[in-house]
2 protein chains.
Amino acid sequence: MKKTLKFSGFNIFIFITFCLQAQADIKPIAIVLHGGAGQIAREQMTDSTKKAYSIKMEEAITIGYAVLKEGGSSLDAVEKTIRILEDSPLFNAGKGAVYTADGTIELDASIMCGQTLKAGAVAGVSRIKNPISAARKVMTHTEHVMLIGRGAESFAHTQGIEMVDEEYFFDEKRWQQYLNKKEKGQLFPNEENEKFGTVGVVALDIKGNLAAGTSTGGMNFKKYGRVGDSPIIGAGTYADNRYAAISATGHGEFFIRNVVAYDIIALMAYKKWTLKKAAQYVINDKLKKQGAEGGIIALDKKGNIVMCFNTSAMFRAYINAKGELKTEIF
Amino acid sequence: MKKTLKFSGFNIFIFITFCLQAQADIKPIAIVLHGGAGQIAREQMTDSTKKAYSIKMEEAITIGYAVLKEGGSSLDAVEKTIRILEDSPLFNAGKGAVYTADGTIELDASIMCGQTLKAGAVAGVSRIKNPISAARKVMTHTEHVMLIGRGAESFAHTQGIEMVDEEYFFDEKRWQQYLNKKEKGQLFPNEENEKFGTVGVVALDIKGNLAAGTSTGGMNFKKYGRVGDSPIIGAGTYADNRYAAISATGHGEFFIRNVVAYDIIALMAYKKWTLKKAAQYVINDKLKKQGAEGGIIALDKKGNIVMCFNTSAMFRAYINAKGELKTEIF
């Protein structure tokens with residue numbers, strides 16, 4: 001009797017081991033996006049606005065997920081998803097970029113590959129339709145990480161990146177907001193209900209490669225060629241297959257000083273914290289104590305999703321390892 | 001007898017405690033500079049060249065140290081010392097900046113205050129005599145961290161920063177090197193005996209405040225508005241009173257991807273490593289394995305100096321807590 005029992009126990013052990021192994025062999029794919037974080041009162045957003053954001057985020061995340069589902073790379077998924085967000089006037093990136101104090105457009109973007117630690121970024125560009133694609137070309141077609149201004153535009157042009165003129169970025173509503181701000185002589189975008197609006201995507205592909213990308217029109221009414229954290233590797237964007245892929249959004253200056261994206265990675269690497277614990281500490285403790293608003297989206301190598309923000313809202317969407325899609329704002 | 005012995009032991013304990021306390025009360029001041037790292041064969045550098053570098057580094061470090069000695073701030077010491085190096089044609093920063101592929105000058109600089117974690121940076125500027133002073137104005141006179149290109153120049157101009165025209169940067173020898181390179185169609189500065197030449201300073205003042213700054217002309221023959229690690233907070237420059245002040249020099253792209261300056265801080269903060277251990281790991285292990293050349297200078301809150309490089313040479317000088325001055329190249 002005792003012997004039979006032992007034998008059964010062994011069988012159960014083998015069975016559990018087999019199940020765990022089988023589960024481990026299913027390589028997770030997942031994708032997360034953000035469309036900016038900020039202080040937005042729930043009641044002040046109309047249902048139709050909420051719906052417009054949800055539909056666009058769902059469209060974008062679905063396209064990125066399809067890339068992953070077909071066995072495509074996380075870099076492709078990140079780039080394609082961000083392009084959808086850049087092409088929408090809803091977000092402060094690409095087509096929807098806010099105006100500088102001079103009434104011009106200055107875009108920043110960066111992308112990073114978790115497998116190779118290669119990265120690319122452009123900053124202060126005005127004629128590139130999709131800065132994320134230019135950033136990717138910097139990563140794949142140069143020895144460099146960061147190109148800025150006219151130089152970055154010249155490079156993008158040589159790579160066949162779609163160039164546009166100023167008119168492409170014109171939006172009547174934003175232009176009126178700009179004129180309003182100008183009249184008031186307002187310098188900083190600290191108005192209530194003003195979201196930051198940067199976009200970012202992180203993805204994990206079937207090969208276990210993580211990637212992260214971020215794109216922005218920068219701070220509303222910015223002056224003097226101000227650049228925030230979005231094109232800064234380590235601040236706004238970071239990816240390392242061993243730990244996580246991260247894209248940030250928020251008050252960029254604080255995100256640069258605190259090296260937010262890499263700080264989360266460092267806590268995972270050096271303190272063995274989980275992605276969730278590391279992100280919560282950096283966003284809800286460290287940054288909050290400094291009065292710094294914003295958030296991050298992140299994915300670890302197992303496909304665990306973290307979306308963490310210290311504001312009342314962060315536009316976000318994901319499709320997780322189980323294939324479940326969700327879009328959220330508050 | 002036994003009682004007397006016990007009493008003596010206690011006296012000795014009190015005396016040692018007193019001495020340690022007295023020593024702890026002497027607040028250390030110290031300053032370190034680098035003038036770039038690279039592969040330079042010792043025998044290929046003439047004695048007169050060595051002497052010229054040593055004299056200029058000694059002049060610069062002495063001026064910075066005098067600021068600290070008079071009770072001035074580490075930020076003042078860093079800025080003043082870097083200005084001397086920027087004004088010298090010997091280093092690839094300010095006056096001595098290398099040419100871009102277009103035969104123009106594009107300068108980058110950053111500075112960070114270890115007490116407040118405030119930081120300032122400029123990138124891609126062509127008309128500012130001392131980019132480190134412009135970076136400091138960004139830190140102290142704006143809400144921002146990074147300004148680029150013409151915008152950064154306009155801001156600097158409003159702050160009374162000295163502006164110069166192209167001619168100021170002209171140097172016959174460097175121009176000939178540029179024409180040579182152009183003729184050969186050489187794109188990347190991987191020639192033997194080519195030093196990187198960025199300059200950087202870290203300082204600790206009597207109040208225990210650390211500061212770090214870095215200034216560069218960037219990569220020789222660079223194209224398309226390329227920006228390296230020097231103006232990137234976290235990569236080329238970082239300072240935090242609790243840990244250390246760091247300035248890096250080397251192959252900037254690797255320094256950005258590895259977030260070098262902040263990585264050293266993170267190892268100190270999260271793994272409780274000493275500055276020396278953290279710096280050696282990042283420069284001589286992590287970067288070396290990637291084939292990334294360069295080095296860092298650093299100071300911790302106790303005034304411990306670390307100068308670490310994986311190349312054959314790094315131009316460097318320091319005045320330590322004992323007031324000892326040393327300049328070295330190899």
- Within the range A:114-137, restricting attention to residues that are touching a residue at least 60 places away in the same chain (Cβ under 8 Å) and open to solvent by 10 Å² or more (accessible area, probe 1.4 Å), which residue is farthest from the other protein chains (Cβ to nearest Cβ)? A:136
- Message: For the condition surrounded by fewer than 21 Cβ atoms within 10 Å (Cβ to Cβ), under 20 Å from residue A:63 (Cα atoms) and of a type in the set (Gly, Ala, Ser), what is the one hit in A:292, A:321, A:317?
- Response: A:321
- Item | Residue under evaluation residue A:231, criteria (1) under 30 Å from residue A:126 (Cα atoms); (2) of a type outside the set (Val, Ile, Thr); (3) assigned to a strand (DSSP E or B), criterion not met | (3)
- Query: Looking at the range A:178-194, is at least one residue modelled with pLDDT under 95, among the aromatic types (Phe, Trp, Tyr) and more than 30 Å from residue A:322 (Cβ to Cβ)?
  - Reply: yes
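Which members of the range A:69-91 meet the condition of being closer than 30 Å to residue A:173 by Cβ and open to solvent by 10 Å² or more (accessible area, probe 1.4 Å)?
The answer is A:79, A:80, A:83, A:84, A:87, A:89, A:90.
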- Give B:104, B:140 a once-over and let me know the one that is over 22 Å from residue B:172 (Cα atoms), over 19 Å from the mean Cα position of the chain (by Cα) and of a type in the set (Ser, Thr, Tyr). B:140
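Could you tell me whether residue A:176 is open to solvent by 10 Å² or more (accessible area, probe 1.4 Å), away from chain B (no Cβ under 14 Å) and polar (S, T, N, Q)?
On the way: open to solvent by 10 Å² or more (accessible area, probe 1.4 Å): yes; away from chain B (no Cβ under 14 Å): yes; polar (S, T, N, Q): yes.
Criteria met by residue A:176.
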- Message: Please determine whether any residue of the range B:276-294 is under 19 Å from residue B:35 (Cα atoms) and in a strand (DSSP E or B).
- Response: yes
- Message: Which residue is farthest from residue B:210 (Cα to Cα), if the candidates are limited to the range B:302-330 and must be assigned to a loop (DSSP other than H, G, I, E, B) and touching a Phe, Trp or Tyr at 6+ places or on another chain (Cβ under 9 Å)?
- Response: B:312
- Item | Subset tally (residues that are modelled with pLDDT of 90 or more, over 21 Å from residue A:244 (Cα atoms) and either open to solvent by 60 Å² or more (accessible area, probe 1.4 Å) or of a type in the set (D, E, K, R) (or both)) for the range A:21-61 | 9
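Please verify whether residue A:297 is of a type in the set (A, V, I, L, M), surrounded by 23 or more Cβ atoms within 10 Å (Cβ to Cβ) and under 21 Å from residue B:256 (Cβ atoms), treating the condition exactly as stated.
Considered against the rule, which asks whether it is of a type in the set (A, V, I, L, M), surrounded by 23 or more Cβ atoms within 10 Å (Cβ to Cβ) and under 21 Å from residue B:256 (Cβ atoms), residue A:297 comes out as no.
Has the range A:227-245 got at least one residue that is away from chain B (no Cβ under 12 Å) and either surrounded by 24 or more Cβ atoms within 10 Å (Cβ to Cβ) or β-branched (Val, Ile, Thr) (or both)?
Our first condition is that a residue be away from chain B (no Cβ under 12 Å); within the range A:227-245, this holds for A:241-245.
Filter once more, so that each one left must be either surrounded by 24 or more Cβ atoms within 10 Å (Cβ to Cβ) or β-branched (Val, Ile, Thr) (or both): A:244-245.
Yes: the range A:227-245 contains one or more residues that are away from chain B (no Cβ under 12 Å) and either surrounded by 24 or more Cβ atoms within 10 Å (Cβ to Cβ) or β-branched (Val, Ile, Thr) (or both).
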- Message: What pairs come out if I take residues in the range B:64-82 that are assigned to a loop (DSSP other than H, G, I, E, B) and pair them with residues that are open to solvent by 10 Å² or more (accessible area, probe 1.4 Å) whose C-beta lies under 8 Å away, six or more apart or interchain?
- Response: B:71/B:206; B:73/B:67; B:73/B:207; B:73/B:209
- When (1) under 15 Å from the mean Cα position of the chain (by Cα); (2) at pLDDT below 95 are applied to residue B:312, the one that fails is (1)
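Where residues in the range B:246-276 are among the β-branched types (Val, Ile, Thr) and within 8 Å of chain A (Cβ to nearest Cβ), which of them is surrounded by the fewest Cβ atoms within 10 Å (Cβ to Cβ)? Even if it seems obvious, please write down each step before you answer.
In the first step, residues of the range B:246-276 are kept if they are among the β-branched types (Val, Ile, Thr); the result is B:246, B:249, B:256, B:259-260, B:264-265, B:274.
Narrowing the set further to residues that are within 8 Å of chain A (Cβ to nearest Cβ) leaves B:256, B:259.
Details: B:256: 25, B:259: 29.
For the range B:246-276, the residue satisfying everything is B:256.
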- Item | Residue that is nearest to the chain's Cα centre (by Cα) [pool: residues in the range B:195-228 that are in a strand (DSSP E or B) and among the polar types (S, T, N, Q)] | B:214
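Can you tell me which of B:103, B:120 is outside any helix (DSSP H, G or I), at pLDDT 95 or above and not polar (S, T, N, Q)?
Working: B:103 fails: at pLDDT 95 or above.
Every option except B:120 fails the conditions.
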- Item | Qualifying residues in the range A:81-110 (those that are within 12 Å of chain B (Cβ to nearest Cβ) and not polar (S, T, N, Q)) - the one nearest to residue A:138 (Cα to Cα) | A:108
- When every residue in the range A:201-226 that is more than 10 Å from chain B (Cβ to nearest Cβ) and closer than 25 Å to residue A:101 by Cβ is compared, the one most open to solvent (accessible area, probe 1.4 Å) is A:220
- Query: Pairs, please: C-beta under 7 Å, at least 6 apart or cross-chain, first residue more than 7 Å from chain A (Cβ to nearest Cβ) and in the range B:138-157, second open to solvent by 10 Å² or more (accessible area, probe 1.4 Å) and among the polar types (S, T, N, Q)?
  - Reply: B:141/B:159
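The values are calculated or read from the model by the stated rules, or taken from the named source; none is laboratory data. Every value quoted in this text rests on a predicted model; they were computed, and no experiment measured them. Methodologically, a virtual Cβ is constructed for each residue, glycine included, from the backbone with ideal geometry; neighbour enumeration extends over all protein chains shown. Remember, those area values only see protein heavy atoms, side chains included, never the ligands or the DNA or RNA. Shrake-Rupley method; radii C 1.70, N 1.55, O 1.52, S 1.80 Å.
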